1. On full extension of the chain, what length is gained from B:Thr784 through B:Asp429, given 0.36 nm per residue of separation minus the C-alpha to C-alpha distance?
2. Find which of B:Ala567, C:Gly66, C:Leu30 sits farthest along the positive direction of the dipole of the protein assembly as shown, computed with +1 on the beta-carbon of Lys and Arg, -1 on that of Asp and Glu, about the Cα centre.
3. Non-local amide H neighbours of B:Phe737 (under 5 Å, H modeled in plane, Pro and chain starts lacking H): which ones?
4. Report, ordered by chain and residue number, the lysines lying within cross-link reach of B:Lys588, taken as a straight Cα distance under 23 Å and ignoring same-chain residues fewer than 8 apart.
5. Of the cross-linked pairs B:Lys293/B:Lys478; B:Lys293/B:Lys504; A:Lys9/A:Lys158, which ones have a Cα-Cα span greater than 22 Å in the structure shown?
6. Quick one: Karplus J couplings for region B:788-793, per residue in order, coefficients 6.51, -1.76, 1.60, θ = phi - 60°, nearest Hz, x for Gly and Pro?
7. DSSP loop (so not H, G, I, E, B), at most 12 other Cβ within 10 Å: list which chymotrypsin sites (Phe, Trp or Tyr not before Pro) in region C:267-375 pass both filters.
8. Can you give me the relative contact order of region B:676-835 as a percent, contacts being Cα pairs under 8 Å and 6 or more apart?
Amino acid sequence: MTTNNKTSKGVLVDLTRCIGCRGCQIACKSWNERSTKDTVMSGVFTNPPKLNSETYTHINYIEQPQDSGQAWHFVKDQCMHCKDPACVSACPVNALEKTSTGPVVYHYSRCIGCRYCMIACPFQIPKYEWEKALTPWVQKCTFCSERIANELVPACIKVCPTQVMHYGTLEEVLREAKKRQQDSPGRYHDRIYGEKEAGGTAWVYLSSVPFEQLGFNVNIPDVQLPSLTWASLNKIPATVGGFVVALSLIAWFRNRGSKGEQSAQGKEK
Amino acid sequence: MTNHWIDIRNADVILAMGGNPAENHPISMKWVLWAMERGAKLISADPRFTRTSARADVYAPLRSGTDIAFLGGMINYIIRNNLYFKEYLSRYTNAPFLVNPAFRGPTDLDGIFSGYDGKKRKYDKKSWAFQKGAKGIPKTDYTLNNPNCVFQLLKKHYSRYTVEMVSSVTGTPEDKLREVYRLYASTGKPDKAGTVMYAMGWTQHTVGTQNIRAMTIIQFLLGNMGIAGGGVNALRGESNVQGSTDHGILFHILPGYLPVPKASLTDLKTYIEKTTPKANDPKSVNWWKNKGKYITSYLKAVYGDNATKKNDFGYAWLPKLDDGMNMSWLMLFDAMFKGQFEGFFAWGQNPACSGSNAGKVRKAMEKLKWMVNVNLFDNETGSFWRGPGVNPKDVQTEVFELPCCSSVEKEGSITNSGRVAQWRYKAVDPVGESKSDSDIMNELYFRVKRLYEQEGGKYPDPILNLTWDYGEKGADGKVKEVDTHLVAREINGYYHADVYDKKKGKLLGRKGELCKTFGHLQADGSTSAGNWLYTQSYIQKGAKTINMMARRSTKDPTGLGLYPEWAWAWPVNRRILYNRASVDVNGKAWNPKKAVIRWNAATGKWTGDVPDGGAPPLNQAKGTLPFIMKPDGVGSVFGPGRADGPFPEHYEPLECPVQENPMSKKHRINPTVKLFFDVKGPHDEPVKEGGLAEDTFLTCDVRYPYVATTYRVSEHWQTGVLTRHQPWLLEMVPQQFVEMSHELAAEKEIRNGDPVTVSSARGKVLAYAMVTSRFRPFKVAASTVHQVGLPWCFGWQYPEKGDQGDSSNLLTPTIGDANTMIPETKAFMVNVEKA
Amino acid sequence: MATVKEYYQSQPRGMKILFALVGIGLLTILVRLATGLGATTNLSDDVPWGLWIAVDVLCGVALAAGGFSVAAAVYIFNMKKYRPIVRPAVLTAFIGYLVVVFGLFVDIGKPFSFWHPLVMWNYHSIMFEIVWCITLYTAVLALEFAPAFLERFKWEKTLNVLKKFIYPLVIAGIVLSYLHQSSLGALFLIVPQKLNHLWYSPIIPQLFFLSAIALGLAMVSLESIMGSRVFKREYEMGILQGLTKGVAIVLAIYLVVKIADLAVRGSLPLVFTSGAASFFFITEMLVGVLIPLALFARKQTRESVNGILTASSFVIVGIVMNRFNANFFTQAGTGTFYFPAILEFLVTIGLISLAILLYRLAVTYLPVFPEAERT
Ligand SMILES: Nc1nc2c(c(=O)[nH]1)N[C@H]1C(S)=C(S)[C@@H](COP(=O)(O)OP(=O)(O)OC[C@H]3O[C@@H](n4cnc5c(=O)[nH]c(N)nc54)[C@H](O)[C@@H]3O)O[C@H]1N2
Ligand SMILES: Nc1nc2c(c(=O)[nH]1)N[C@H]1C(S)=C(S)[C@@H](COP(=O)(O)OP(=O)(O)OC[C@H]3O[C@@H](n4cnc5c(=O)[nH]c(N)nc54)[C@H](O)[C@@H]3O)O[C@H]1N2
Ligand code: SF4
Ligand code: SF4
Ligand code: SF4
Ligand code: SF4
Ligand code: SF4
Ligand SMILES: [Mo]
């Protein structure tokens, strides 16, 4: 399962451009026909406080008191569309699929609702329709795959007034990210979040401050997470073979001399 | 806006002050960021750290209502440090003009200018006049050294605004002030541009106009007017508020900024004589000299063939204001409260929530016999009779609701802040029985007209003589459906006869054709123009009519983002006003890299943007001055036209946290504001029973110790009638909130998210605490002043759950700006308590 | 009806309670099916796996590990001594798996799509492997346990056919069990950044397998003791001591591997620096490994039924804790506190009661224990 950076789409999210207007949040709801959940003014702007089955993306408002001044960061959050997604490898029924164009899409009719994808995703992205009795689905950003298929830009990207998101092939997106870092020394923190995390994601981020300050998980290893399970899974045929042979041999060896099972059992009666 | 949205990208320094573009004009931030990515700096000066501040290079906090001090300090800083653009200042502004030696300012008179009459709360402006030479042209000293010249007076006036003094008034740390001043003043170089993005944070004050004047002075000092990336840019609000102002929605102006006739201007001739400015300087274009042509053409548009030379073109039919009469918002609702109206059309508005001192507004409506609410939805205004604390049985007002369709259900133009009139098309059919505003007006007009025809009336002429050719008429004579194109054409205007150039005898246009430009408009009734500023917006080439507003070309020959063939801008498609100030007297651009216009000596013509008049550069014989709308042709550093002084002076808001004005002990508040509640003493304290209980105010009162302001959020629109029905938007901002500092919250034992009561001398609202480091206590004159802020997008009616809190305008005062009467909803005093 | 009623009334009080709990559990399951997970559980986007996964699935499977362990001992290693407990162990495993199947059915969002993994294959998915293992191993266990039925109903022919396949069945069972026990651990391989490295390890599958054997054997001991008590049989001290030795050896290996693993990965300091995780880890190790090992080290323990009972219980509790911890600490990063809802408890209690009830019924009516066979 490898992603071709040349053909697969990606997005550069340049957080230094975000003005926190939440146009993206609304555009996403509009295109994806999402409804709402009850919220309150809890004292922060982030609302809904977390992504949920009706909210594929939101802006996280991070207030950062500083001695010398103030800072307020706006962080757009959605599925990262990993190059080798943990969720896809975790799903027992191929309900999640990494498409060759980039989006990680969901085939609801396959899903059994085991929620292993939610456990597996390093970015806490898939959300569940807990309130539905019969047909609860997993929900997450679709990368507007139908729009991409029709050569349209994803809804949130289209609507963004300040062009926070740069959309293109993954290769081009990464090139742009590096170019911006080089062209404006001092403007950006040196990391490109998503370039390496979990083996690389299709959505990558630039920020002016270290990502840990923005609530990003910076402990995600660079490995493609599915490779960790695959390392175990791919041993199965050998293990099974080995076990069968070994057990048969042991059984033969240990049981030579004793009579058949039937008699053994009969004797004990 | 003197410039336009895209032009912001040409700036080197952008000051966002008195406006919050990131939240209220998000698209504008595209151009701000564009500029920033090419090295420009953004300054945000706001009482609280906003989403604009989040992107700014420098953030400076200031206490609400102290912008003049802040900007006065900048003027002082620029002058003291010699950072002004002298060549520009001396040639293109009235800085070198000599003022009447009798003129005195607040430095000498402890807070006021000469000529003040305390009883009338008005200035006699005689001493503010310019000294005139033999030809009636103002005297000048281009060295700017004459002690009576405007520049010296300016220097003297603002010498009191030292950084230390300013800081003690505004609460801005001194180093922040210096940082902002240094940065902004860096645009005083010829090749640097600084722009300001402001809106309600500046206007909604008793000194609103002067806030903007202060900035204008700075822009003149730094040579930032007329250039690319410069200007004084009001980020206008409601999508078409620019268009509606252009077309005369305000009580004191007719379309095209022609003054509304006063009762004493009894005939057209008097009107023209009294309202047309005169200029004796041949270098001054004094564009308003054409007013006679414009008012006549306007009358022709309104009354058509019924307007003849004989009947003064129907001037008598125009409604008149009594002399001195002011019919602005606060006055209207005051009159309504006092029972002076029978009926009221609340047309596309929600005063029950948007009106300052909304409690009074709501009570005022109870005094009406009838009210018509023309709106997309029922709102707190249409349902005022069943609002909180109102018993429907006690209300006699008959309320009619006329469902109106939304902007996407009708065709027409909207004019944005940059004066660009853009044609928009209908996207979907109106829902149900709703009609467009113009069709509702059409119905109304036809019925009123028929009543006059059938029953007569006191004065039927103004109605019966109106032209109403907006579409095909039925048998009853009624226009079946309004065709907005016909309205647009009427606004543009027609030739009502073959019109010839008076000097050259050339044919300008044939009878019946659409008028090509306002240069062709005539004072003899041979042309019409519903709004002279829009003549050229809908033109005719032979038999073909061209809707200039519908143009969509993205050609950009100058590379400055003028896009001259994208829609159409008034006047005459000029994208940057006063652009003749972008070049020196020889016609050479101050900044050749961003030349708005260029003089081509060979052709004798300007290229680039449409210049303010085609005359050659100033130093040539026929050259003209750049500020063509000003009688003197130059920018007004000294502005004797304003009610409250030729230079902005700091006064405290009606309700403020300090006992006395730190700048002048004797005058706490703007001495010329119209008071609704009597005051006494040097500190303008409220007199006991000094007015209606509803208009009470309390200043520096322990019961209301915190400064408050109101503002918008990106997620809601205005009073929220369009957005509180939207679950997606409500999900993001579901309830009224009040932002406050950690320090204040700790003092009041309020935690994040707690329900709190915010109260003022006039009312109280429920809000949810948002405890944030984005608000910080201010150090004002050695004491700590806390400020809080609330959005004003809520009302009691929606969401239906009802826990969202009512309009924050229940708190705001009845007081307005001395010049415009815009209510002071940006600075008042409140208390906050845990609910 | 009357007979059912009579039957019910004839039961001792313990059984009545079990019946009631099972009834309540089944009703709750109906409620869950009708109203959905949101309405019946405290699960959320932050904690999508709760009590049901932790107990019904992770622990249910682990508890069933006795089945293959004993079968291996008897059939593969020819340790005849343990023959008497083969059936109870296989029965336990079988019932354990039925509970797991039930538990999964209730837990997955779309219970009636449970068969999807059998047709829609993603062999990259551990969950896929697990579903297959459960399915196959349940079938194997059914076959392994079938002789009890066949004997009871005297279907000698089938019995004989079946007996021919006992070795392949046992080997299949062991292989599937290994795969399955370890893949429960492998579920967590994909979350190296979520699960504290006290638990997370590339060899977590093997650690799960090892601990499952200990747990399974401890469970068999427990059952044997309980069985003897209920049926007022004599304690099979020989078997018990053998089992105990097995448990101790496996635990010792587990301990060594665990510590070595932590050491090799440089994660030893985590034992004391991980806050709540440290506390739970230390508790789990104490209860499940160190205390039992210490107890088993004493002769008195090994020789007294109560000692064995106590030590085995420690093992069971400790390793159940391990499964809980792995599940919950994987989901702890979100900061959301999860405590199961009452209905979740009712289902789990119902399923456990069902297991006990089935066991009780089976041992009563089928030849499970040697004594029973004799009757
Ligand atoms: N999303 C959204 N956009 C809108 C609107 C809306 O309702 N919602 N309304 C539209 C309309 S009609 C208008 S008029 C514009 C208004 O646009 P803005 O003027 O930008 O709107 P406000 O939020 O009212 O006020 C702007 C800022 O002024 C600050 N402020 C308060 N007091 C002072 C002061 O004394 N000095 C200074 N310097 N700043 C102060 C406030 O903290 C606030 O951040 O927005 C338009 N755009
Ligand atoms: N405290 C405080 N008060 C303020 C301000 C502030 O900053 N602070 N700002 C002030 C400002 S700048 C403004 S502009 C005013 C705004 O005050 P209002 O204009 O009274 O308030 P809106 O909510 O914009 O009301 C517009 C109404 O028009 C309706 N509407 C929308 N489209 C159409 C249409 O096509 N036709 C018709 N007929 N109706 C339509 C909407 O449903 C809505 O009810 O509020 C002012 N009040
Ligand atoms: S971010 Fe999570 S849900 Fe999205 S592709 Fe990656 S693993 Fe899957
Ligand atoms: S919940 Fe659905 S999509 Fe997620 S892993 Fe399970 S089957 Fe796949
Ligand atoms: S890509 Fe599409 S689905 Fe994903 S956040 Fe953007 S709008 Fe929503
Ligand atoms: S639309 Fe763009 S600027 Fe607005 S919040 Fe989303 S990413 Fe930020
Ligand atoms: S809401 Fe409309 S008018 Fe306002 S910035 Fe967005 S697009 Fe422009
Ligand atoms: Mo406005």
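Throughout, read-outs are computed from the coordinates displayed, never taken from laboratory work. Being a predicted model, the structure only gives us computed values, none of them experimental. Here Cβ is always computed from backbone atoms with ideal geometry, including for glycine, and neighbour counts include all displayed protein chains.
1. Extra length available between B:Thr784 and B:Asp429 comes to 122.1 nm.
2. The one lying farthest along the dipole's positive direction is B:Ala567.
3. B:Tyr768
4. Here the lysines satisfying the reach criterion relative to B:Lys588 are B:Lys86, B:Lys189, B:Lys192, B:Lys283, B:Lys605, B:Lys622, B:Lys630.
5. Details: B:Lys293/B:Lys478 31 Å; B:Lys293/B:Lys504 19 Å; A:Lys9/A:Lys158 15 Å.
B:Lys293/B:Lys478, as the Cα separations exceed 22 Å there.
6. Here the 3J(HN,Hα) series is 10, x, 9, x, 10, 9 Hz.
7. Those satisfying the criteria are C:Phe337.
8. Computed value for region B:676-835: 30 percent relative contact order.
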